[in-house]
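First comes the structure, then the notes that go with it.
The values are calculated or read from the model by the stated rules, or taken from the named source; none is laboratory data. Just so it is clear, the structure is predicted and the values come from calculations on it, not from any experiment. Every residue, glycine as well, gets a Cβ built from its backbone with ideal geometry; the counts of neighbours run over all protein chains shown.
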Amino acid sequence: MNTSFSFETPLESPGFVLWQVSNRWQRHLRDSLSSLDLTHVQFVLLSSLMWLEDAGEPVTQKRLATHATLDVMMTSEVLRTLEGKGLLERLEHPSDARAKQLRLTALGREKAALAVVKVEAADRSFFAALENDLPQFVRQMGSLLEK
């Protein structure tokens, strides 16, 4: 045993296993989104915007970044790309003259809805091995977000 590590094998390390599973899952999602010409982060922002719009609130870039737990500057760059693809627009905010309200275009809403179907199918496929343990897995992963 290598004395520098507290695990016998790398696959006993929760961080290493999480890293590998996360990379494999992201590849799986990239493959499922490729036909829609969307990256994973573009999907996250489009679907988050759709979710927040459906909740009936005006959505700013900062609110969207917070909801998606993404960096505001990265969010800004990705939003410019999505705006260039005609998937969202920036409008005057109804109550804050300094902010812009983000809104999906009809094309953006259609593409986001298609992407949600593809990603949910990809998730079902990827996590199928967990079968009845999936709800517990999701709860356990959620508890890591609370830290």
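Looking only at segment 1-23, residues that are of a type outside the set (Phe, Trp, Tyr) and in contact with a helix residue (DSSP H, G or I) (Cβ under 8 Å, 6 or more places away or on another chain) come to 3 in all. Out of segment 76-89, which residues are at negative phi and either among the aromatic types (Phe, Trp, Tyr) or at pLDDT 95 or above (or both)? Residues satisfying the conditions are Glu77, Val78, Leu79, Arg80, Thr81, Leu82, Glu83, Gly84, Lys85, Leu87, Leu88, Glu89.
Residues in segment 67-102 that are over 20 Å from Thr39 (Cβ atoms) and loosely packed, with under 14 Cβ neighbours inside 10 Å: Leu91, Glu92, Pro94, Ser95, Asp96, Ala97, Arg98.
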